[in-house]
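Here's the structure we're looking at; comments come further down.
The values are calculated or read from the model by the stated rules, or taken from the named source; none is laboratory data. Computed from a prediction, not measured in an experiment: that's the story for all the values here. Quick reminder, even Gly has a Cβ in these numbers, built from the backbone with ideal geometry, and neighbours come from all protein chains shown. Ligands, DNA and RNA are stripped out before the accessible areas are found, and what is left, the full protein with its side chains, is counted by its heavy atoms. Shrake-Rupley method; radii C 1.70, N 1.55, O 1.52, S 1.80 Å.
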Amino acid sequence: MDFKIIESNKGGKCLLFDNFKYRKFRVNISGNVVWRYYIKNCTSTVTTCSQLKNILKINNTHKHEQVETVKIQIQEVRNVCKRKACNDIHERPRKIIRKEVSSIENNEVIGSNDVNLIRKSIYNKRRKLLPTLPNNLKDSLKLCFKYRYFNRGCTIFNIIPQNHTHQTPP
């Protein structure tokens, strides 16, 4: 029985088995991993060993269609792009997407709407890594203190008014 472990959109693990996508449900006392279908009202489960090498038990009672392979390919491309965008923050999203889309064998299935969603997910992932920009002077000073732009009482920036007392922000 052939299956594949992929990364979910939120960074967790998913199991692909017979074009059905399962989410990690629980780990038994014996260490076996129980996977449940990703749509919550479906009761189909798959049990794998703790090393995720083989399937021990299958409860295949689906009342719906299989996941399209196109959606799975798009999800894999999206996750690889997000991971590469976080590792190399200076690389343009367009370049990352172009490399990944050209690397898959059937790249005609990915449309412009999918590319826009991949680009948006890259920007959202990078936004979590980078600090927010300050909106006012108080936030700017907090940011300066946080990243130690002040060195032994001497400021690198001359933005503090003269009547301002030098205090560390809370």
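Of everything in the stretch 1-23 that's more than 20 Å from GLU65 (Cα to Cα) and of a type in the set (D, E, K, R), which residue is surrounded by the fewest Cβ atoms within 10 Å (Cβ to Cβ)?
The qualifying residue surrounded by the fewest Cβ atoms within 10 Å (Cβ to Cβ) is LYS10.
So, in the stretch 119-141, exactly how many residues are in contact with a helix residue (DSSP H, G or I) (Cβ under 9 Å, 6 or more places away or on another chain), in a helix (DSSP H, G or I) and of a type in the set (Ser, Thr, Tyr)?
Selection size over the stretch 119-141: 2.
So which residues in the stretch 48-59 are part of a strand (DSSP E or B) and either in contact with a Ser or Thr (Cβ under 8 Å, 6 or more places away or on another chain) or open to solvent by 20 Å² or more (accessible area, probe 1.4 Å) (or both), if there are any at all? First the steps, then the outcome.
Here is the first cut: in the stretch 48-59, the ones part of a strand (DSSP E or B) are 48, 55-59.
If the condition is that a residue be part of a strand (DSSP E or B) and either in contact with a Ser or Thr (Cβ under 8 Å, 6 or more places away or on another chain) or open to solvent by 20 Å² or more (accessible area, probe 1.4 Å) (or both), then ILE55, LEU56, LYS57, ILE58, ASN59 are the ones that fit.
Could you please find all residues in the stretch 5-36 being charged (D, E, K, R), at negative phi and out of contact with any helix residue (DSSP H, G or I) (no Cβ under 9 Å at 6 or more places or on another chain)? Explain how you work it out, then say what you get.
Step one: of the stretch 5-36, the residues charged (D, E, K, R) are 7, 10, 13, 18, 21, 23-24, 26, 36.
Add one more test, that the residue is at negative phi, and what stays is 7, 10, 13, 21, 23-24, 26, 36.
Within the stretch 5-36, LYS10, LYS13, ARG23, LYS24, ARG26, ARG36 qualify.
LYS21 fails exactly one of the following numbered conditions: (1) within 18 Å of PHE3 (Cβ to Cβ); (2) in a loop (DSSP other than H, G, I, E, B). What is the number of that condition?
Failing condition for LYS21: (2).
Mind checking which residues of the stretch 60-94 are farther than 27 Å from LEU129 by Cβ and open to solvent by 60 Å² or more (accessible area, probe 1.4 Å)? Full working, then the answer.
Residues of the stretch 60-94 farther than 27 Å from LEU129 by Cβ: 60-70.
ASN60, THR61, LYS63, HIS64, GLU65, GLN66, GLU68, THR69, listed by residue number.
Can you name the residue in the stretch 99-118 that is of a type in the set (A, V, I, L, M, F, W, C) and assigned to a helix (DSSP H, G or I) and, of all such residues, is surrounded by the most Cβ atoms within 10 Å (Cβ to Cβ)? So that I can check it myself, show each step before the final result.
In the first step, residues of the stretch 99-118 are kept if they are of a type in the set (A, V, I, L, M, F, W, C); the result is 101, 104, 109-110, 115, 117-118.
From what's left, assigned to a helix (DSSP H, G or I): 101, 109, 115, 117-118.
Numbers: VAL101: 19, VAL109: 14, VAL115: 18, LEU117: 13, ILE118: 24.
Ranking the qualifying residues of the stretch 99-118, first place goes to ILE118.
Scanning for something surrounded by 15 or more Cβ atoms within 10 Å (Cβ to Cβ) and out of contact with any strand residue (DSSP E or B) (no Cβ under 6 Å at 6 or more places or on another chain), does the stretch 32-41 turn up at least one residue?
The answer is no; no qualifying residue exists.
Which residue, of ARG36, ARG83, is within 19 Å of the chain's Cα centre (by Cα) and either among the basic types (Lys, Arg) or not in a loop (DSSP other than H, G, I, E, B) (or both)? Reasoning before the result, please.
Working: ARG36 fails: within 19 Å of the chain's Cα centre (by Cα).
That would be ARG83, the only listed residue that is within 19 Å of the chain's Cα centre (by Cα) and either among the basic types (Lys, Arg) or not in a loop (DSSP other than H, G, I, E, B) (or both).
Can you go through LYS120, LYS95, LYS125, LYS99 and tell me which one is modelled with pLDDT of 75 or more, touching a Lys or Arg at 6+ places or on another chain (Cβ under 6 Å) and under 30 Å from GLY12 (Cβ atoms)? Even if it seems obvious, please write down each step before you answer.
Values: LYS120 fails: touching a Lys or Arg at 6+ places or on another chain (Cβ under 6 Å); LYS95 fails: touching a Lys or Arg at 6+ places or on another chain (Cβ under 6 Å); LYS99 fails: touching a Lys or Arg at 6+ places or on another chain (Cβ under 6 Å).
Result of the check over LYS120, LYS95, LYS125, LYS99: LYS125.
Can THR43 be described as β-branched (Val, Ile, Thr), farther than 23 Å from ASN113 by Cα and modelled with pLDDT under 90? Steps first, please.
Values: β-branched (Val, Ile, Thr): yes; farther than 23 Å from ASN113 by Cα: yes; modelled with pLDDT under 90: yes.
When the stated conditions are applied, THR43 passes them.
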